[in-house]
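Working notes, structure below.
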Amino acid sequence: MSQLEKGLEGATDELGRDIEVAELLGSLSPSVEDPTYWMRFKAQVLRAASTELARRRMMADVTVADVLTSWARAIVPTAVLAAALAGMILLRAHTVPIAAPARVEELLVAGMEGETIPTTLSRTEAETQIAFAAERF
Amino acid sequence: MAETQNDGELVHRARRGDESAFGVLVERYQRAAYAVAYSVTGRHEDAQDAAQESFLVALRRLEECRSPERFAGWLMTIVRNRARNLVRRESLREMEQVPMGASSSTPTPDRVTETRELRASLRKALAELPEMQREIVLLHDLEGWKHREIADRLGLPAGTVRSHLHFARKALREVLSASPQDADRRSGK
């Protein structure tokens, strides 16, 4: 009895897996003639996929490294710049002398060159009007 | 360990370039992919090319697989489209064909002849089925997928799957019963 006849005789209308039909259809499987077919099929697919898989691995690695690098790229120069600016500001703050408050007398004579401050007369001389009028600048 | 992982986990790992995870996916679905491709092309060489290329296309587009746990259905859609394109355009084969190696057990000449005849009858019978019925009967009776799996993975109602399977088997039996080879055998020629 052939496989075909067996299959037909054993075939039922049940919708479970029909073993006979499965056997019949199984003869179409490439593994019937070559038991190593599926193993080689997989190996061939994996060989063809190796470049894409490698690219994906690299992308996955780069993604982590990229984050760190991008942080480093953005943060390190900014931090260096900020530190340099802060240092400069601090240095300048220490070296610039604090301006002494100008005295009132100096402010009054500012821009009046050649004119001297009248010498204060002695108390006795100042008491007289003449003495005061004789005062010359 | 990878063999027991679900498709979703394997897809996530394959996205990161994990070769073993992708290998498990290939091993898990290579027969079904071939069956689906065969149901479209009806030729071993074309089915093989379409199935192999589909795995590569799927790998390149893994990010487009929105539901990784439904990888099988997504893959079968790729296989079907690829096989249809192959048939339609008769595109050149890009992949090296896996040569059919020698079997470990050498069949007798009678057995070889019988198998060839059986295959020819089956191919003819399958060719007369609608594509969807071919695909379902191959996935169910050849690959052992359950109704629910086929329904889930092909995105069909379970009742439709059962109906297609019923009509496919019926048509298959009718065609095979009517084949001249079978008639010859029955009459003892």
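Ligands, DNA and RNA excluded, the heavy atoms of residue B:74 present near 50 Å² of accessible surface to a 1.4 Å solvent probe. Charge tally for residue B:77 (other residues, Cβ to Cβ under 12 Å; Lys, Arg +1; Asp, Glu -1): +4. The candidates A:69, B:41, arranged from most to least accessible area with a 1.4 Å probe in the full protein assembly, appear as A:69, B:41. Ellipsoid fit via the Cα gyration tensor, region B:4-74: semi-axes of 22, 11, 11 Å, each the root of five times an eigenvalue, largest first.
The values are calculated or read from the model by the stated rules, or taken from the named source; none is laboratory data. All of these numbers come straight from a predicted model, not from anything done at the bench. Neighbour counts run over all protein chains shown; Cβ positions are idealised from the backbone, glycine included. Only protein heavy atoms, including side chains, enter the accessible area calculation; ligands, DNA and RNA are left aside. Shrake-Rupley method; radii C 1.70, N 1.55, O 1.52, S 1.80 Å.
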